[in-house]
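Data block below; observations after.
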Amino acid sequence: MNPLVLLLIVFFVLVFIRVPIAFALGISSIVTIIYLDLPFTSVINQIYTGIDNFTLLAVPFFLLLGGLMNDGGITERLLQFSRVIVGHIRGGLAHINVFVSMIMAGLSGSAAADTAAIGPVLIPAMKKEKYDAGFSVAITACSSTLGVIIPPSIMMVVYGAMAQVSIGKLFLAGIVPGILIAFGQMGYTYYMARKYDYPSYPKATVKEATISFGKAIPTLLLPIIIIGGISAGMFTATEAAAIAVFYALVLMFFYRTLKVKDLPKLLKNTMVQYSLPMFAVACAGIMGWLIGYLHAPELVANFITSITTSSTGIFLLIVLFLLIIGTFLSPLEAIIIFLPILTKLGEIAALDPVHLGIITCLVLACGMVTPPYGICLLIATQIGKISTVRAFISIVPILTITLGIILIGVFFPDLFLFLPNLLMPDA
Amino acid sequence: MLEKINNLVEKVCLTVGFLLLSLFIVVVLAKVVVRNYLHIPMMWADEVAVICFIWTVFLGAAVAVRHKMHYTVDLAPNKIKVNLSFDILAHLIVLTLIYVMIVHGYSFMLMGFSRFSTALTIPLAYTFAAIPVSGLFMLFFTVEQFVKDIKKLRSLTKKEVFEK
Amino acid sequence: QEKESGEGEATNTSTNEQFDLRLATVVSPPHPWIDMAEYFAEEVEKRTDGNVKVSIHHSGSLGDDETTIDEMRLGTVDFVIGGTQNAASFIPRLQVFGLAYLFDDMNHFEKAIHHESEIFSYFENEFTEKNLDIKLLALSGGGTRYLSNNKHEIATPDDLKGIKLRLPGSPIESDIWSELGALPSSLSWNEVYSGIQTGVVDGFESTLSGYTGSKLYEVAPYVSLTEHLYMATHFSVSELTYNKLPTEYQEIIDEVAIEAAEIGTEKGKEFDEEMLAELPEHNVTITEIDREEFVDILAPLHDDLAEDLDAKELLELIRTLK
Ligand code: NA
Ligand code: NA
């Protein structure tokens, strides 16, 4: 049997019998290594190499930032602010859901954290106001993926670190599609609200608006520190994240929503939180190495070029491929394992590395709301207490809009890339 | 008995992890300040940060095993008994990676005594040690989970029999 | 039974064992190391009648230098071509090649890395004595290192005062450039461009392939012809692999590696010349330096640093080669 086929079959079997993904990555690699008669110590070498990367040091900070947002009452302030801005539109609560996710996305680097922070507040509230349960879960999960699309984004940090693409440029490239996707979701919300006559909130008075805006301002500065600092080149991604954490801590002590004695618990929780994706990244390191070792990039490249040699054709096949693997793997694991194949194809199709990077990240973000393994979908359905199938039916139209935006980005690279090219005009 | 030991192990993991994560944050922040304002090279800062990072990842991953936090694909969320049986099998399968982490992680750690970090010039064995140590803790936690799940499955089966 | 026919690939394969070997390197083509690897793969296959096939894994697809060296120790990667500075994690004394202005000129450097020189046998021994299960096949060149910055022309150490200089993480290089008056700063290579753009660092030192490959001329248009280092390159083989091979193949590998290393050195010089000639196209200001002034400051430092590395004997060996 071809060892690559063995690797993938064992992986899927393990995943289906409920072996945790990270372990399934490692164990399927171990089986292949036994088959190839290679030393086991290589497994450990590649586990270590998987996470021995300076750029990954940004990940704990971006997750800590998310944790601070939840614990520090910042979510509350941002919800108030969102209500003032979009609450009066028909389907107000759903608009708030998308809008607040868009702002939170500028603060946190993860999508699951956003679902976990917003979902418990908004999903029950939406159900209470007679929104369809499927729609409530769907819009919460889908808008949460903005967390990894709008910078900062852990997924882009990992992509940039592994593919040697400027993280600052990837961050900037995420802004336009992030906003377009948010608008698309709000447009769809408006359509649904009209159709099912969902309620809205009274328009806020100028005074209310000013107060809530004032309360939100210190928090709204955070994305500017992060993105401004990185794109101005003042700091590296890790340093910007560290400074943002420092700023958020100061802010929270100032708001008195956080006490020094709460810090150990917060840090311990954060550690376990980031160890999950990072341990998966480490284990994905072995599988990624095996894939390189077994010459898979060349094999896939030969296969794809036998189908098409046009640059757009290859790009579309990449999108299709990512869409499929995105349903079974988290974005980080998919990046670690398949990046050599992607960059090889990107070379053949002569794609701009930032363009390939941003489209890859966008497509993989779609996988976060699709069964069987979409982390945002799983969290949101647990909160909404509905089946994944029911939620997914409501997700399909929202996802279609996102895919449409991604395809526009494939054909008109400048739409996404003009920001990074303008602000960080290298290469 | 095992539960008591594991409570202690978990506490150690979390406390050491908390200290390392704090050190990590301080070192990274200090590096930004020192580089931008004092213009002193802190070549060792990145290396200290990486060591802390790697240890926290492996300690955290071990704790996550105890609380079944590692992501699992849920194909049939409502079939509790079937899932529990699969979980028991999965615990056994997971032991293969844990075995490799302990035994071969240990030999990789020994290899690390002849590989030195650039700035601190200490053997990387001290970083590599995170893998077998984590593997050992994962072993404890997995055995605990295995026993727990078997008990749970038994009580479920009993209940079914009783209800019939 | 040895085969003599050159093209008889399909004949006799049943009596001759086949070896599929892997060579790893972190650089991407075009690069002198790739030329070196390709020559090696081609010639070894030819001279073993196709029985030893070497596939090249470039661009770090099997991992960075340290990882692939560890894989050689395990026998999963068979050959590595890489910078001696990265191999110094395993063989700390290789750091002497990082002592700026240790070599008088390219000629002196080539004498040192020659396979019959005492320096080569010194390191060949060093590799064996560390019990790493890797064997040094050859030392090679791979280009010359220059200093670039975005502030002003740098011709003397005085011009370096206050320049924030990006360096790889090694303390030796940090000591050297501090002594010359620069402010060392560690930063990953792919962050250099944006780092320069906004003043995190003012300059860096690199080969010209690194400089033009990353389009750094766009942000750091002053290049000083410091030639402070010649990229020393190691070409190594896993001993687990090597010992599996029949003696005749071992001999072929030894001899082809030496030839490949010579090609690497030559190609390194060619690349440098070509790229130096290209620099004016990118509006780069090229500055000749006052070499004596740099050497005068650094020569005393060499002894101290060599002592830190416990490599005084090696330093003397290199000095007497002149
Ligand atoms: Na974000
Ligand atoms: Na949301």
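The values are calculated or read from the model by the stated rules, or taken from the named source; none is laboratory data. Just so it is clear, the model here is predicted, and its values are computed rather than measured. We place every Cβ from the backbone using ideal geometry, glycine too, and count neighbours over all the protein chains shown. Ligands, DNA and RNA are stripped out before the accessible areas are found, and what is left, the full protein with its side chains, is counted by its heavy atoms. Shrake-Rupley method; radii C 1.70, N 1.55, O 1.52, S 1.80 Å.
Filtering region A:320-342 down to residues that are surrounded by fewer than 21 Cβ atoms within 10 Å (Cβ to Cβ) and β-branched (Val, Ile, Thr), which residue is nearest to the other protein chains (Cβ to nearest Cβ)?
Among residues in region A:320-342 that are surrounded by fewer than 21 Cβ atoms within 10 Å (Cβ to Cβ) and β-branched (Val, Ile, Thr), the one nearest to the other protein chains (Cβ to nearest Cβ) is A:Thr327.
Filter region C:41-68 down to residues that are assigned to a helix (DSSP H, G or I) and at pLDDT 95 or above, then give me how many there are.
So the first thing to find is which residues in region C:41-68 are assigned to a helix (DSSP H, G or I), and the list is C:41-47, C:65-68.
Now narrow it down to the ones that are at pLDDT 95 or above: C:41-47.
Number satisfying all stated conditions: 7.
Which numbered condition in (1) more than 12 Å from ligand 2 (Cβ to nearest atom); (2) over 26 Å from A:Ala248 (Cβ atoms) is the only one that A:Met126 fails?
Going through (1) more than 12 Å from ligand 2 (Cβ to nearest atom); (2) over 26 Å from A:Ala248 (Cβ atoms) one by one, A:Met126 breaks only (1).
State all residues of region A:149-175 that are closer than 14 Å to A:Ile103 by Cα and either away from ligand 2 (no atom under 13 Å from the Cβ) or open to solvent by less than 10 Å² (accessible area, probe 1.4 Å) (or both); if no residue qualifies, say none. Outline the logic, then answer.
Kept after step one, since they are closer than 14 Å to A:Ile103 by Cα, are these residues of region A:149-175: A:149-153, A:174-175.
Correct list: A:Ile149, A:Pro151, A:Pro152, A:Ser153, A:Gly174, A:Ile175.
Each row is one residue, and each column tells you yes or no for (1) open to solvent by less than 30 Å² (accessible area, probe 1.4 Å); (2) more than 9 Å from chain B (Cβ to nearest Cβ); (3) under 24 Å from A:Val15 (Cβ atoms).
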residue	(1), (2), (3)
A:Lys261	no, yes, no
A:Leu266	yes, yes, no
A:Met271	yes, no, no
A:Gly288	yes, yes, yes
A:Thr312	no, yes, no
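How many of the residues in region C:155-173 are touching a residue at least 12 places away in the same chain (Cβ under 8 Å) and part of a helix (DSSP H, G or I)?
Counting residues in region C:155-173 that are touching a residue at least 12 places away in the same chain (Cβ under 8 Å) and part of a helix (DSSP H, G or I) gives 5.
Looking at the structure I just gave you, is A:Ala141 at negative phi, in contact (Cβ under 8 Å) with a residue 40 or more places away in the chain, within 14 Å of ligand 1 (Cβ to nearest atom) and crowded, with 23+ Cβ neighbours inside 10 Å? Can you show your working first?
Working: at negative phi: yes; in contact (Cβ under 8 Å) with a residue 40 or more places away in the chain: yes; within 14 Å of ligand 1 (Cβ to nearest atom): no; crowded, with 23+ Cβ neighbours inside 10 Å: yes.
So A:Ala141 does not fit the description; no.
Any idea how many residues of region A:76-122 are over 28 Å from A:Val59 (Cα atoms) and of a type outside the set (S, T, N, Q)? Full working, then the answer.
Keep residues of region A:76-122 that are over 28 Å from A:Val59 (Cα atoms), which gives A:80, A:83-95.
After this cut, where a residue has to be of a type outside the set (S, T, N, Q) as well, the list is A:83-95.
Summing the residues that are over 28 Å from A:Val59 (Cα atoms) and of a type outside the set (S, T, N, Q) in region A:76-122 gives 13.
Give me the pairs, please: first residue somewhere in region C:19-38 and over 18 Å from C:Arg73 (Cα atoms) and of a type in the set (Val, Ile, Thr), second residue anywhere and modelled with pLDDT under 95 and surrounded by fewer than 17 Cβ atoms within 10 Å (Cβ to Cβ), beta-carbon distance under 8 Å, and either six or more positions apart or on two chains.
Going by the 8 Å Cβ cut-off, the qualifying pairs are C:Ile34/C:Ser28.
Condition check: farther than 30 Å from A:Leu249 by Cβ, facing chain B (nearest Cβ under 8 Å) and surrounded by fewer than 24 Cβ atoms within 10 Å (Cβ to Cβ). Does A:Phe40 satisfy that?
Values: farther than 30 Å from A:Leu249 by Cβ: yes; facing chain B (nearest Cβ under 8 Å): yes; surrounded by fewer than 24 Cβ atoms within 10 Å (Cβ to Cβ): yes.
Spelling it out, A:Phe40 is indeed farther than 30 Å from A:Leu249 by Cβ, facing chain B (nearest Cβ under 8 Å) and surrounded by fewer than 24 Cβ atoms within 10 Å (Cβ to Cβ).
Which of the numbered conditions does C:Ile119 fail, given that it passes all the others? Conditions: (1) touching a residue at least 40 places away in the same chain (Cβ under 8 Å); (2) assigned to a loop (DSSP other than H, G, I, E, B).
(2)
Mind counting the residues in region A:129-148 that are more than 12 Å from ligand 2 (Cβ to nearest atom), closer than 25 Å to A:Arg194 by Cβ and either within 14 Å of chain C (Cβ to nearest Cβ) or in contact with a helix residue (DSSP H, G or I) (Cβ under 8 Å, 6 or more places away or on another chain) (or both)?
6
Can you say whether A:Phe135 is within 16 Å of ligand 1 (Cβ to nearest atom), open to solvent by less than 10 Å² (accessible area, probe 1.4 Å) and assigned to a helix (DSSP H, G or I), as far as the supplied structure shows? Spell out how you get there, then give the answer.
On the way: within 16 Å of ligand 1 (Cβ to nearest atom): no; open to solvent by less than 10 Å² (accessible area, probe 1.4 Å): yes; assigned to a helix (DSSP H, G or I): yes.
Judged against the criteria, A:Phe135 is not a match.
Pairs please, first residue from region A:372-393 and more than 10 Å from chain B (Cβ to nearest Cβ), second anywhere and assigned to a helix (DSSP H, G or I) and open to solvent by 30 Å² or more (accessible area, probe 1.4 Å), Cβ atoms under 6 Å, 6+ apart in sequence or on different chains.
Here the result reads A:Ile379/A:Ala116; A:Ile383/A:Pro120, each pair linking region A:372-393 to a residue that is assigned to a helix (DSSP H, G or I) and open to solvent by 30 Å² or more (accessible area, probe 1.4 Å).
Contact list please: Cβ distance under 9 Å, first residue in region A:94-122 and within 14 Å of chain B (Cβ to nearest Cβ), second residue in a loop (DSSP other than H, G, I, E, B) and away from ligand 2 (no atom under 11 Å from the Cβ), pairs at least six apart or on different chains.
A:Ser110/A:Ser153; A:Ala111/A:Ser153
Give the residues of region A:176-190 that are open to solvent by 30 Å² or more (accessible area, probe 1.4 Å) and not aromatic (Phe, Trp, Tyr), sorted by residue number.
The answer is A:Ile179, A:Leu180, A:Gly187.
Would you confirm, using the coordinates I've provided, whether A:Ile341 is β-branched (Val, Ile, Thr), within 19 Å of the chain's Cα centre (by Cα) and at pLDDT below 95? Even if it seems obvious, please write down each step before you answer.
Details: β-branched (Val, Ile, Thr): yes; within 19 Å of the chain's Cα centre (by Cα): no; at pLDDT below 95: yes.
Taking the combined requirement at face value, the residue does not satisfy it.
Of these, C:Gly143, C:Gly162, C:Gly98, C:Gly169, which one is within 13 Å of C:Leu229 (Cα to Cα) and modelled with pLDDT under 90?
Of the residues listed, the single one that is within 13 Å of C:Leu229 (Cα to Cα) and modelled with pLDDT under 90 is C:Gly143.
Having 3 or more residues that are more than 13 Å from the chain's Cα centre (by Cα), within 13 Å of chain A (Cβ to nearest Cβ) and more than 30 Å from C:Pro168 (Cα to Cα) is the bar; report the helices (runs of 4 or more DSSP H) wholly within region B:46-164 that clear it. Before you say what the answer is, go through the steps one by one.
Working: elements: B:80-111, B:125-128, B:130-163.
Qualifying helices (runs of 4 or more DSSP H): B:80-111.
For the condition farther than 27 Å from C:Gly75 by Cα and open to solvent by less than 10 Å² (accessible area, probe 1.4 Å), what is the one hit in C:Thr226, C:Thr233, C:Thr241, C:Thr285? Walk me through how you get there before you give the answer.
Working: C:Thr233 fails: farther than 27 Å from C:Gly75 by Cα; C:Thr241 fails: farther than 27 Å from C:Gly75 by Cα; C:Thr285 fails: open to solvent by less than 10 Å² (accessible area, probe 1.4 Å).
Going through C:Thr226, C:Thr233, C:Thr241, C:Thr285 in turn, just one is farther than 27 Å from C:Gly75 by Cα and open to solvent by less than 10 Å² (accessible area, probe 1.4 Å): C:Thr226.
On the basis of being in contact with a Ser or Thr (Cβ under 9 Å, 6 or more places away or on another chain) and in a helix (DSSP H, G or I), does B:Ala30 make the cut? Outline the logic, then answer.
Details: in contact with a Ser or Thr (Cβ under 9 Å, 6 or more places away or on another chain): no; in a helix (DSSP H, G or I): yes.
Criteria not met by B:Ala30.
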